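J.: Before I ask anything, here is the structure I am working with.
The values are calculated or read from the model by the stated rules, or taken from the named source; none is laboratory data. Nothing here was measured: the structure is a model prediction, and the numbers come from that model. Here the Cβ positions follow ideal geometry from the backbone for every residue, glycine too, while neighbour counts run over all protein chains shown. Calculation scope for accessible area: heavy atoms of the full protein, side chains included, ligands and nucleic acids excluded. Shrake-Rupley method; radii C 1.70, N 1.55, O 1.52, S 1.80 Å.
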Amino acid sequence: MRFLMPSSIYHKPFSARRAHALFVKPVLLFVAFLLPTIVFSAQPAFADQKTSNVEETGKAIETDKSEVANRRHGLSTFGSLKYKADFTHLDYANPDAPKGGKLSLIGTEPRVTFDSFNNYIRKGDAAQGLLYVYDSLMERAYDEPDAVYGLIAHSAEIHNDKKGVTFYLRPEAKFADGVRVKASDVVFTILTLKSKGHPRFRVSLRDVDLVEAIDDLTVRFRFKGEQTRDLPQRVAELPVLPEHFYKKVPFEKAGLDLPLGSGPYRVGKFEQGRYVRFMRRDDYWAKDLPINKGRFNFDELRYEYFKDRGAQFEALKAGVFDLREEFTSKDWATKYKFDAIKKGKVIADTLRDDTPSGTQGFFINTRREKFQDIRVREAIGLAFDLEWTNKNLFYNLYTRTSSYFENSEFKATGKPSASELALLTPFKDKLNKSVFEEAKLSPKTNGTGQDRKNLRRASRLLKAAGWTMKKGVRANKAGEPFKLEFLTFSPSFSRIILPIIRNLKTLGIQATVRLVDPAQYQERLKSFDFDLTTSRFSMRLTPGVELRNFFGSKAAKQPASFNLAGINHPVIDHLIDKISSAKTRKELVTACRALDRVLRSEFYWMPHWYKDSHNVAYWNKFSRPLKKPLYHRGIIDLWWFDKEKAALLLSR
């Protein structure tokens with residue numbers, strides 16, 4: 001799933017291949033957070049490859065008996081790995097794909113500028129595409145929910161007590177400057193991200209108790225606490241940063257120093273705020289590994305930046321760049337009929353997306369006193385007539401979101417099951433009665449744009465909360481009017497917000513929309529300086545500890561966290577712990593559904609809409625594998641430049 005309007009912050013689950021994501025991404029990945037989608041169970045599944053607990057140089061590794069385990073070539077959460085130790089390539093990749101050509105595109109994140117090549121700190125607006133500069137210990141396979149396979153590390157072993165993991169590095173792994181990747185670089189990465197990195201790292205890595213280099217090719221982790229299921233795979237997907245590079249360049253510096261990684265691309269020429277070129281490395285050390293066969297086929301990736309969406313669209317039509325994903329339904333329905341599409345020069349394509357739709361909506365900042373009453377939050381949500389918006393603005397392309405885990409098995413439906421009740425009943429005195437009833441659904445309307453029934457209910461809720469009408473103005477006992485502001489940086493989003501504002505004004509609320517530039521928008525989000533704002537968090541296929549970043553009480557107090565609503569609820573914290581420690585998928589599903597019920601009952605957001613596809617337009621000079629990965633677009637990783645199509649395009 002993808003955010004369906006351009007003005008949201010799209011967070012995906014984090015990995016070295018998805019550096020803009022969160023520790024999820026979630027995929028978020030949105031994901032997150034962008035944390036695109038990976039976790040560990042108390043009983044990880046592996047393929048049947050066994051080796052002795054001895055480092056390749058012959059040096060014996062001293063470990064506690066409780067830590068002894070068998071090495072494996074990949075890790076997953078609850079089930080078997082699809083790919084055996086001797087797999088030759090991923091099923092959805094074409095190992096014979098030709099290398100060459102260029103792909104110029106608009107990135108999928110809502111960033112219209114950049115001023116930094118450091119994606120791991122709070123400061124600055126990082127460029128898109130940096131994920132391709134770095135490698136991780138292991139890499140995702142996107143035809144499985146959460147499996148990873150060896151990249152920098154050829155194998156790993158989970159300690160028998162489930163409190164640690166040891167990775168064994170490939171001796172041929174090198175950074176782009178030729179320096180060997182060593183276990184000490186992994187140690188540096190973890191310690192630096194925990195102490196100086198973006199707050200999301202401190203939250204997600206807080207239970208990493210020890211990381212040590214046994215020797216140059218062996219790194220050992222130990223974890224603390226009970227919610228450690230996700231940590232082996234989480235650390236496996238982190239980018240490995242070069243310690244020697246950051247002895248010269250301060251890690252916490254936000255700037256345009258060219259980054260150094262061990263991944264398939266390096267940063268080439270760029271112009272701040274306009275474009276960045278990423279050049280494929282011919283000397284990439286891992287280009288022939290099975291996990292990479294048929295991937296990273298373009299010689300150049302060029303990310304373009306436009307502050308004006310109209311200019312961006314016209315540039316696509318003129319062939320200034322090659323590919324753009326369209327997130328605005330009206331534009332997709334009406335604008336993609338230009339001459340180049342009619343002649344087959346440009347392809348307007350819809351790619352299926354099987355990932356969870358994510359959590360998208362107007363988030364209500366409960367840190368502000370006026371929003372701390374649940375009746376006020378519910379009343380605000382009743383002002384949104386999605387049925388009218390869908391018909392008049394979206395061409396009926398979308399479905400209303402109700403769940404924080406929409407379009408997935410984790411969505412709560414009907415009344416709680418017996419297993420859900422076992423988790424919820426002990427906290428009955430701390431939960432709304434509605435948690436134990438039919439799962440809350442987003443309000444239905446008559447589609448007129450001003451549903452009087454819903455607005456009357458909203459008025460009653462506001463009055464009960466102490467906000468009464470005085471000469472057409474909603475005010476509290478002190479006579480202070482109820483003022484509310486929507487924060488956005490996208491002018492195109494105003495067409496959605498303005499009808500909501502009209503309904504809020506009918507309720508006596510002085511509602512406005514504040515349009516700011518992207519840099520100011522980012523800073524205000526980081527400091528939680530807003531009433532309502534739009535965002536989307538991409539949920540992982542196997543949710544876990546990253547949910548603390550979105551819904552945990554500690555994140556509510558942490559600047560720059562993704563807990564935009566300021567959720568501070570002990571039962572929600574408890575349920576996140578249950579999700580993070582689930583030992584089977586059945587337990588995981590139950591705990592997620594229980595969490596979904598509690599979140600929905602508290603009206604922390606005004607839910608948006610979703611659809612399970614990507615709308616992509618591109619000039620017809622590319623080819624792609626017959627099979628698309630289930631849980632990824634697969635464009636940058638898997639497509640290739642087709643010389644014959646490009647020649648035909650030029651001849652037309």
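J.: Are there any pairs, at least 6 apart or on different chains, whose C-beta atoms fall under 7 Å, with the first in region 391-416 and within 17 Å of Phe436 (Cα to Cα) and open to solvent by less than 50 Å² (accessible area, probe 1.4 Å) and the second part of a loop (DSSP other than H, G, I, E, B) and at pLDDT below 90, and if so, which?
T.: Final answer for the pair search is none.
J.: Still on this structure: Which of (1) more than 21 Å from Arg452 (Cα to Cα); (2) open to solvent by less than 60 Å² (accessible area, probe 1.4 Å) does Lys343 not meet, given it meets every other one?
T.: (2)
Matching residues to (1) modelled with pLDDT of 95 or more; (2) surrounded by 21 or more Cβ atoms within 10 Å (Cβ to Cβ); (3) among the charged types (D, E, K, R):
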site: Ser66; (1), (2), (3): no, no, no
site: Gly74; (1), (2), (3): yes, yes, no
site: Leu81; (1), (2), (3): no, yes, no
site: Asp86; (1), (2), (3): yes, no, yes
site: Pro98; (1), (2), (3): yes, no, no
site: Leu103; (1), (2), (3): yes, yes, no
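Residue by residue, here is whether (1) in contact with a helix residue (DSSP H, G or I) (Cβ under 7 Å, 6 or more places away or on another chain); (2) within 16 Å of Met539 (Cβ to Cβ); (3) open to solvent by 10 Å² or more (accessible area, probe 1.4 Å) holds:
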| site | (1), (2), (3) |
| --- | --- |
| Gln558 | yes, no, yes |
| Thr584 | no, no, yes |
| Ala591 | yes, yes, no |
| Trp609 | yes, yes, no |
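J.: Let me ask something else. In the set Pro570, Pro543, Pro607, which member is at pLDDT below 95 and on the phi < 0 side of the Ramachandran plot?
T.: Exactly one of Pro570, Pro543, Pro607 is at pLDDT below 95 and on the phi < 0 side of the Ramachandran plot, namely Pro543.
J.: Would it be correct to say that Asn563 is closer than 23 Å to Thr228 by Cα and more than 19 Å from the chain's Cα centre (by Cα)?
T.: So Asn563 does not fit the description; no.
J.: Could you tell me whether region 288-300 includes any residue that is part of a strand (DSSP E or B) and either out of contact with any Pro (no Cβ under 9 Å at 6 or more places or on another chain) or hydrophobic (A, V, I, L, M, F, W, C) (or both)?
T.: yes
J.: Looking at region 165-283, what helices (runs of 4 or more DSSP H) fall wholly within it and have at least 3 residues that are open to solvent by 60 Å² or more (accessible area, probe 1.4 Å)?
T.: By residue number, 183-196.
J.: Filter region 612-628 down to residues that are more than 17 Å from Leu316 (Cα to Cα) and more than 17 Å from the chain's Cα centre (by Cα) and give me whichever is most open to solvent (accessible area, probe 1.4 Å).
T.: Leu626
J.: Checking the condition among the hydrophobic types (A, V, I, L, M, F, W, C) and within 19 Å of Thr108 (Cβ to Cβ), which residue from Phe313, Phe363 passes?
T.: None of the other options fit; the residue is Phe313.
J.: Here is a further query. Determine which single condition Asn119 fails, assuming it passes every other condition in (1) open to solvent by 10 Å² or more (accessible area, probe 1.4 Å); (2) outside any loop (DSSP other than H, G, I, E, B); (3) under 25 Å from Gly634 (Cα atoms); (4) not basic (Lys, Arg).
T.: Unmet condition: (2).
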